[in-house]
């Protein structure tokens, strides 16, 4: 198809272990255009009301859009859609890196997974040929270990999307990770992947993305990138990453602090973009075809976690594990972020769930008897790192926190739902809408 689409999707029946391919109807492409729109159309048509989000009838749909993998600026993203185990309704997440472009270059616009595999498997797609392979040796492994094992045995350099122990253990806000550190973070889609016993999707290929007018597209893309290069926002993101906005949000009173009790963090200078650059930044990183390089290659340089390295944290993570938990220790926040990436957990929901637990503990709603003797106090840097591990493994109080704030409040009672900050079960991102009244018109 000469319109940015490959024109084909894969359909995987995990219960039967069967694979088929089909064309995307031209009418669907024209009406819904982008990856999230097309995936949502399939989900709406194929998943009946009342389906268990972690059951066989739910569908897990990976989908790219017409710009994915092209020379257009920032054309790296892909979408994943399913019924969310956090909210019980439509769930969507997206991610950058280069998994989306590689999925298209392997020959397909998207993949629809249905059913539940009787044993752990991963999907391998190389040059248009798809095969389900045994993943028993990968089950129980972190995202980092999974990628390392799959890459070691690969004839061609692949791009991989996978789940860690968070997805395997059905943490309700588990993420799907690609390129080790990039996350389809929101709505618990990693838990849906885990419920299907699908460990990873492995892509490689060199298929050409056909365009209607390649020369005109190239011209427009060059102009687009030139305009981006003139943007002061680009300069800011390159210098400080997405955490550039921390000072601005804090100044407006919209920086969630102590589980949203305040919108101003007094120790913002310890957690803003400048602090991150000085304390943990190693190099700037960019996604496929993106001139901005807002990604942060980081390393912890001192203290108990010295020598650990990875990517991030991003703005949302820095707030949720930082101010929202009343923590100003950049090393602890960075370590919690690394662990979320390794285990495959959404940092927003994880940080928010921990902050909620801290307020419950302070109010005496969550007690030491319930936490296994742990004190879950605001301002405790070590506890956020410890709790991420317990959440991923569903150990002790981590089993409760793995459910997210809505279910936590239902189980704890005592009017705790009043300060469980979620909408229909999905924890709020790190912007207090009370500081941006225009949100009331949304």
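The values are calculated or read from the model by the stated rules, or taken from the named source; none is laboratory data. Keep in mind that this is a model prediction, so the values were computed, not measured. Ideal geometry is used to build each Cβ from the backbone, glycine not excepted, and the neighbour counts take in all protein chains shown.
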Quiz prompt | Test for residue 91: is it assigned to a strand (DSSP E or B), more than 27 Å from residue 206 (Cβ to Cβ) and not assigned by TED's automatic domain parsing to the domain that holds residue 344 | solution = yes
Quiz item: Looking only at residues in the stretch 119-163 that are touching a helix residue (DSSP H, G or I) at 6+ places or on another chain (Cβ under 6 Å) and outside any loop (DSSP other than H, G, I, E, B), which one is surrounded by the fewest Cβ atoms within 10 Å (Cβ to Cβ)?
Solution: 144
Self-check item: Exclusive hit being closer than 15 Å to residue 257 by Cβ, assigned to a helix (DSSP H, G or I) and at pLDDT 95 or above, set 358, 408, 370
Solution: 358
Quiz item: Does the stretch 96-117 hold any residues that are part of a helix (DSSP H, G or I) and under 19 Å from residue 82 (Cα atoms), and which are they?
Solution: 99, 100, 103
Quiz item: Does the stretch 7-20 contain any residue that is surrounded by 18 or more Cβ atoms within 10 Å (Cβ to Cβ), touching a helix residue (DSSP H, G or I) at 6+ places or on another chain (Cβ under 9 Å) and modelled with pLDDT of 95 or more?
Solution: yes
Practice problem: Report the residue count in the stretch 1-48 for those that are in contact (Cβ under 8 Å) with a residue 40 or more places away in the chain, outside any helix (DSSP H, G or I) and closer than 13 Å to residue 113 by Cα. | Solution: 11
